[in-house]
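The values are calculated or read from the model by the stated rules, or taken from the named source; none is laboratory data. Just so we're clear, the structure is a prediction, and the values are computed from it rather than from any experiment. So basically every Cβ, Gly included, is an ideal-geometry build from the backbone, and we count neighbours across all protein chains shown. Side chains are part of the model used for accessible areas, which takes the heavy atoms of the whole protein and leaves out ligands, DNA and RNA. Shrake-Rupley method; radii C 1.70, N 1.55, O 1.52, S 1.80 Å.
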Amino acid sequence: MADATTNTGLTRGRMPGMSPDSSLGAGGTGAADLGEYWTNTGAVRGPIPRQEAQSLVGRSMAMIADPQPLGLAGFAAATWTISTVVAGWHSFAALAAAVPIAIFFGGVAQFLAGMWAFRRGNVLAATAFSTFGAFNVAFGAWILLTAAKLIPSTRFGGTSAAYVAGWFIITFGVIAAYLAVAALADNLVLVAILVTLAITYIFDGLGTMIVGPNNWATYIGGYAGIVSSLIAFYLSAAIVINSTWGREVLPMLSTRGSSGSRARP
C-alpha cells in the first residue's frame, strides 16, 4: 500500500543523531550516509551508502508486480460480503455463506499479497494485507467452528465467548487505526479505507460483546465496512488502471508527490 503511486524507495528525513549535512559528499555517499537513515523498508543501519540502498529498493520493486490491487480486491470483496450481513441486509445465519470468500479470497489471496509486498519492501502494505488476510481466515474458521458447535456460540452478547470474540475483533480495529496514522504519509484514499475499517471492527466487536448480532452497534460496523470495501474497490481499480495506462487516470490522492522524496508515475 505504501508504494501505490511511487517508484523510488527512500523516505524523507534522517535518523536521530545525524548531522544536517549528512547528505554531503560525491554521489550522496557522505560519511553520515554510512550510518542510519530511513527507507520505505524501514531503517537502514550499516555501511550501505544511501544511493546504493535506493538502487536496491528500486530493483526489488521492479522484480515483482505490485500486489496491492490483488490485496485490496480480496479485502474489499470479503469485507463487502460479510458487512452486508452484519449491517442487517440478510439474516445472520447467512453469514456461513461468506466463509469461502472470507477464507480463500479475502484470506489466502490477501495474505499472499502481503507476502509479495514484503518482497517489494512495502512495510505498510505488507503489514495491512497480512494482518487482515489472517483475520479473514480466522473469522471464517470461527464461523465454521461455531456452526459445528466445537466452540461456544456468540449469538447473544454478555457471555464469556461473546466477550472473547468481541475483543478479538476490536484488536484488529486498533491495528487498522495505527495503520491509518502511518498511511497519512502516503495516500489519503488508503487513510479513508483504514479509518472506516477501524470503525467497522470496533463497533462489530462492541456489538458482539454487549448485545450480540443484529443490534445498533453491529449495524454501524456493518455500514462502515460497506463504505471501507467500496473505497478499497476504487483504490484497487485505480492502481490497475493507472498502471496499465501508464498515467494517473483515476486520482489516488498521494501525499508523497510534493515532498520530492517520491515522484508520481
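A few points about this structure:
- Whole-Hz Karplus values for the range 142-152 come out as 4, 4, 5, 5, 5, 5, 7, 6, 8, 10, x Hz, taken residue by residue from phi with 6.51 cos²θ - 1.76 cosθ + 1.60 and θ = phi - 60°; glycine and proline positions read x.
- For ARG155, the solvent-accessible surface with a 1.4 Å probe is about 90 Å², rounded to the nearest 10.
- Surface composition of the range 102-141: carbon and sulfur make up 85 percent of the accessible area, probe 1.4 Å.
- Probe 1.4 Å, accessible area per residue of the range 132-219, Å²: 45 Å²
- Applying 1/(1 + (r/R0)^6) with R0 = 25 Å to the Cβ-Cβ distance of ALA94 and ALA177 gives a FRET efficiency near 0.30.
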